[in-house]
Amino acid sequence: MMPIPGHGLAKGLAVTLKAMTRRSVTAQYPDVQPDLPPRSRGVIALFEENCTVCMLCARECPDWCIYIDSHKETTPATAPGGRERSRNVLDRFAIDFSLCMYCGICIEVCPFDALFWTPEFEYAETDILELTHERDKLRDWMWTVPAPPALDPGAEEPKEIAAARKAADKLIAAQQAQQAEQAGQAAQAQSAEQAGQAEQAPPESSA
């Protein structure tokens, strides 16, 4: 079947007419912040307390844009006869966002949940050298990380929460047993003291 002459032109004009009659929506940015999707990728935030300086994120980064410096500290033994332990202390954690391609590998491989996606995207700089942000700035972005979505009511409880609850229940049971044992010992001591006082008391004389 031969195409009708002018069919493509008519189709294009119809699309144009449809767009012209549609009400335009203007985003009033920056006065009004955009409503971003919950899983939007802005920058990477650092929760410093969870970082163990395992260097896994820096090794797996395909762009080599993560810079980590640390030193070792020796902690004394917590019990007599114990041995000293050494731990890594984080000195520097920086990300060069001029190199980062936002692949998210560093967040996925972090075994201790120290890195998170944040919807913050207003971090443009006039100098490319200022796009390397240190751990203080990464920590500030941590407070913009959205809360995780709620679990399905019918979903199975996470193993970590179940293990933590089991350990807490065991600890509470042990504390209650210890308190009961202490209360029993106190009652026995009190009854023994009362019995001793009764034996030491002089007998009453009959009139």
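Out of the total accessible area of the chain (probe 1.4 Å, heavy atoms of protein only), what percent is carbon and sulfur? Roughly 57 percent of what the probe reaches on the chain is carbon or sulfur.
Remark on the chain: Rg and Dmax equal 33.9, 140 Å (Cα only). The alpha-carbon of residue 170 sits under 30 angstrom from the alpha-carbons of these lysines, leaving out residues fewer than 8 places away in its chain: 159.
Rolling a 1.4 Å probe over the protein chains gives residue 160 an accessible area of about 140 Å².
Is the shape of region 117-157 rounded, prolate or oblate, going by the alpha carbon gyration tensor and its root eigenvalues a ≥ b ≥ c, with a/c under 1.5 for rounded and a/b larger than b/c for prolate? It is prolate, given that a/c is not under 1.5 and a/b is the larger ratio. In the chain, taking the dipole from charged Cβ atoms about the Cα centre, the farthest positive-side position among 8, 44, 154 is held by 8. The residues of the chain expose on average 80 square angstrom of accessible surface per residue, using a 1.4 Å probe on protein heavy atoms. Of all complete DSSP H helices in the chain, those with a Cα span along the helix axis of 18 Å or greater and a mean Kyte-Doolittle hydropathy of -1.0 or more are 7-21, 159-200.
Here the chain is assigned +1 on the Cβ of each Lys and Arg and -1 on the Cβ of each Asp and Glu. Its dipole about the Cα centre then comes out at about 1120 debye.
Our analysis of region 1-49 gives Rg over Rh at 1.38, with the two radii drawn from alpha carbon positions and Rh computed by the Kirkwood formula. Shown are 133, 71, 7, whose ranking by accessible area with a 1.4 Å probe and every protein chain present, most to least, is 7, 71, 133. Inverting the pair-averaged 1/r between distinct Cα atoms of region 23-117 gives 16.3 Å as its Kirkwood hydrodynamic radius. Convex hull volume per residue, computed on the Cα atoms of region 133-177, equals 150 Å³.
The values are calculated or read from the model by the stated rules, or taken from the named source; none is laboratory data. Given the structure is predicted, the values throughout are model-derived calculations rather than measurements. Neighbour counts run over all protein chains shown; Cβ positions are idealised from the backbone, glycine included. Accessible surface is based on the protein model in full, side chains and every heavy atom, while ligands, DNA and RNA are left aside. Shrake-Rupley method; radii C 1.70, N 1.55, O 1.52, S 1.80 Å.
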